[in-house]
1. Going residue by residue through region 156-176, is there one that turns out to be more than 16 Å from the ligand (Cβ to nearest atom) and either in the same structural domain as Gly324 (by TED's automatic domain parsing) or under 21 Å from Thr294 (Cα atoms) (or both)?
2. Restricting the first residue to region 225-251 and requiring it to be among the polar types (S, T, N, Q), which pairs with a second residue that is away from the ligand (no atom under 14 Å from the Cβ) meet a Cβ separation below 6 Å and a spacing of at least six or different chains?
3. Is it the case, given these coordinates, that Ile298 is of a type outside the set (Lys, Arg) and away from the ligand (no atom under 16 Å from the Cβ)?
4. Out of everything in region 212-224 that is touching a residue at least 40 places away in the same chain (Cβ under 8 Å) and part of a helix (DSSP H, G or I), what residue ends up being nearest to the ligand (Cβ to nearest atom)?
5. Six or more apart or on different chains, Cβ under 6 Å: which pairs go from a residue in region 155-166 that's aromatic (Phe, Trp, Tyr) to one that's away from the ligand (no atom under 14 Å from the Cβ)? Could you list them?
6. When you scan region 158-186, how many residues do you find that are aliphatic (A, V, I, L, M) and in a strand (DSSP E or B)?
7. For region 78-90, check the following and say yes or no: at least one residue is touching a Lys or Arg at 6+ places or on another chain (Cβ under 7 Å), touching a residue at least 24 places away in the same chain (Cβ under 8 Å) and of a type outside the set (Ser, Thr, Tyr).
8. Scan region 187-201 for residues that are in a strand (DSSP E or B) and either outside the structural domain of Ala229 (by TED's automatic domain parsing) or within 16 Å of the ligand (Cβ to nearest atom) (or both) and jot them down.
Amino acid sequence: MSIIDTPAIPLGGPTLPQVRRLVTALPGPRSEDMLARKSAAVASGVGHTVPVAAVAAGGGVVVDADGNSLIDLGSGIAVTTVGNAHPAVVAAVQAQAAQFTHTCFMISPYESYIAVAEALNRLTPGDHEKKSALFNSGAEAVENAVKIARKHTGRQAVVAFDHAYHGRTNLTMALTAKSMPYKSGFGPFASEVYRAPMSYPYRDGLSGPDAAAKAISVIEKQIGADNLAAVLIEPIQGEGGFIVPADGFLPALAQWCRENGVVFIADEVQSGFARTGAMFASDLFGIVPDLVTTAKGIAGGLPLAAVTGRAEIMDAAHAGGLGGTYGGNPIACAAALAAIEVYETEDLAGRARDLGDILQARLRTLQEQDPRIGDVRGRGAMVAAEFVDPATGAPDAALTSAVANACLAEGVIVLTCGTYGNVIRFLPPLAIGDDLLNEGLDVLASVLATV
Ligand SMILES: *Cc1c(COP(=O)(O)O)cnc(C)c1O
């Protein structure tokens with residue numbers, strides 16, 4: 001270590017030089033050091049995909065302890081959508097931290113929590129009367145949405161879908177579809193959770209209405225509407241592979257829920273906040289969910305989550321039935337208000353559509369030359385490529401991780417996902433420049449030519 005100069009640690013945010021620059025192989029020596037400490041001190045169950053020690057991030061880059069500057073096409077899983085260390089978020093956090101850091105909203109309420117609730121009530125789909133409750137994580141929001149739906153309906157069953165991801169707590173493990181790595185060995189899981197088939201146009205070939213009829217038939221035969229509290233669905237699935245349901249699937253499900261007194265919950269934890277080119281993915285499909293769960297992109301990187309929905313449903317839970325020590329922490333709320341203002345005043349949904357146009361055009365060009373790219377799909381800046389064996393269409397997870405690792409070695413952070421591990425997802429911060437995004441895609445193209 002002694003022969004290596006310590007690179008000066010730059011400040012994060014948009015003034016960070018927007019370049020891809022590798023000064024060491026990855027991981028560099030300082031990152032190696034940190035990773036050795038990680039494996040000694042941190043539980044092995046907490047994995048990592050990018051083996052570098054991050055020290056600064058902003059715009060479209062993440063800088064590591066060795067001075068490498070990587071193009072960020074992951075946003076820490078759709079969290080730093082406004083850009084990492086966004087100046088407005090930083091200022092709001094600094095100001096609030098100097099004021100008070102905590103009271104517990106259930107002890108002494110404060111205005112910023114209420115203002116976040118008001119903003120969510122205004123921004124989520126539908127113009128009916130809404131209320132919100134704030135939590136710390138996406139999983140916690142999903143758990144609470146289920147609690148609220150059960151209390152409101154007096155019913156217990158919940159339907160989730162194939163390929164769904166809703167979190168890692170006990171109830172949300174039950175709701176999540178994929179065993180490895182999310183569930184395996186961690187049972188027993190919560191009861192009264194049922195699974196229905198998802199619309200997956202690339203693999204099921206069904207129209208939206210046909211896929212919905214299939215799901216509804218499973219629900220009616222195996223559960224019965226009278227027993228069903230809620231249908232929970234990601235309008236565009238995240239971890240499951242960025243699966244965009246066929247047109248008509250979500251409206252048919254929502255309609256069936258309405259007719260049967262079932263609470264329709266849209267889990268927009270990954271797809272929310274301008275990511276898909278609309279404020280919420282539900283808007284793209286013309287659906288108005290009864291409840292919406294949000295987290296990830298809500299607060300520019302601070303931990304915050306919410307359930308927002310019809311006032312009469314949200315009010316079903318008795319006082320004291322919802323909440324938590326930290327839920328709606330004042331610093332996280334200040335960050336959320338700053339981030340939400342950026343989403344609105346800078347039309348980040350429009351920026352997501354522009355970035356999506358670049359992503360889709362370039363990926364489709366690659367697909368024309370490379371039959372291993374079976375499908376390109378997504379909306380806005382939530383886009384994925386699914387890798388397959390061209391002869392059989394079988395998922396090719398080995399190729400997918402080879403491509404992702406090769407991109408990383410060239411200084412481009414891309415994330416994989418999918419039930420079969422054969423999808424590369426692109427979730428650039430909306431603060432990335434066109435040039436940097438294109439450079440990242442140039443790297444992908446050259447990697448595909450050699451892998
Ligand atoms: C990430 C995610 C969750 C879980 O959020 P955490 O904050 O990690 O608990 C739930 N639902 C969806 C759709 C997600 O993408």
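The values are calculated or read from the model by the stated rules, or taken from the named source; none is laboratory data. This is a predicted model, so every value here is computed, not measured. Cβ coordinates were reconstructed from backbone atoms using ideal geometry, including for glycine residues, and neighbour counts include every protein chain displayed.
1. Here is the first cut: in region 156-176, the ones more than 16 Å from the ligand (Cβ to nearest atom) are 156-157.
Among the residues that remain, those that are also either in the same structural domain as Gly324 (by TED's automatic domain parsing) or under 21 Å from Thr294 (Cα atoms) (or both) are: 156-157.
Checking region 156-176: at least one residue is more than 16 Å from the ligand (Cβ to nearest atom) and either in the same structural domain as Gly324 (by TED's automatic domain parsing) or under 21 Å from Thr294 (Cα atoms) (or both).
2. Asn227/Arg155; Asn227/Ala157
3. Against the criterion (of a type outside the set (Lys, Arg) and away from the ligand (no atom under 16 Å from the Cβ)), Ile298 does not qualify.
4. Ala215
5. What qualifies is Phe161/Ala196.
6. Narrowing region 158-186 to residues aliphatic (A, V, I, L, M): 158-160, 164, 171, 173-175, 177, 180.
Narrowing further to those that are in a strand (DSSP E or B): 158-160.
Final tally of qualifying residues: 3.
7. Of region 78-90, the ones touching a Lys or Arg at 6+ places or on another chain (Cβ under 7 Å) are 78-79, 81.
This time we only want the ones that are touching a residue at least 24 places away in the same chain (Cβ under 8 Å), so: 78-79, 81.
Remaining after also requiring of a type outside the set (Ser, Thr, Tyr): 78-79.
Yes.
8. The first filter runs over region 187-201 and keeps only residues in a strand (DSSP E or B), leaving 193-196.
Val193, Arg195, listed by residue number.
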